[in-house]
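Contents: one structure, followed by commentary.
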């Protein structure tokens, strides 16, 4: 009786072992297992704060006070808030200026780096510096550049006789949005450039050679071969 029980126990263990092995051998099952830790991290650090922010936007909560559910009252109040109107306008200008400039200048940088340059690896590392530098350090550098007293831009313009007094770049509404856009463009160009460069290097060279044989010049090859391939 004991032997038969032990034998059945061994058979059960072997069956469970093979079932687990078959489960792990499936690509779909293995993918779920490998993806699970990352998904949990995303849920904790991204999904939870996101949904918590949505919930808080529907309450009258403040720092140190839980608050109560108020529905869409906060959003309705925003429609008559002049500060919100100014913020939305500045955000629109910021996006409409920075994104096209970063894309166009990044494309130009990618076209330059795509050529067989001497010391191309060093050049690529150099152009990535604005993106690699920590945000805190780059922000500090731009604060010094836009300083109302010691700004090198104001010093240069005064030396050339263009202006008579220093420019308050971040304190003057006429220059504040332009200054912020300039700093963001400087930081974003390398990312756009390297991303577009990866697409350029994936374009088969045979396509350019075939277009050149057919009589297409550099501009036509760029419009009808390069751009469609990296889009």
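A few remarks follow.
- Condition check for residue 83: over 22 Å from the mean Cα position of the chain (by Cα) and either at pLDDT 90 or above or surrounded by 12 or more Cβ atoms within 10 Å (Cβ to Cβ) (or both): yes
- Members of the range 185-208 that are surrounded by 12 or more Cβ atoms within 10 Å (Cβ to Cβ) and over 30 Å from residue 135 (Cα atoms): 203, 207, 208
- Residue match in the range 210-221 (condition: under 23 Å from residue 96 (Cα atoms) and surrounded by 15 or more Cβ atoms within 10 Å (Cβ to Cβ)): no
- Among (1) at pLDDT 85 or above; (2) surrounded by 11 or more Cβ atoms within 10 Å (Cβ to Cβ); (3) not in a helix (DSSP H, G or I), the one test that residue 94 misses: (3)
- For the range 200-221, a residue qualifies if it is in a helix (DSSP H, G or I) and free of Cβ contacts under 8 Å to residues at least 12 places away in the same chain, and the qualifying residues are 205, 206, 209, 210, 212, 213, 218, 219, 220.
The values are calculated or read from the model by the stated rules, or taken from the named source; none is laboratory data. These numbers come from a predicted model, not from an experiment. FYI the Cβ positions are ideal-geometry reconstructions off the backbone, even for glycines, and counts take in every protein chain you see.
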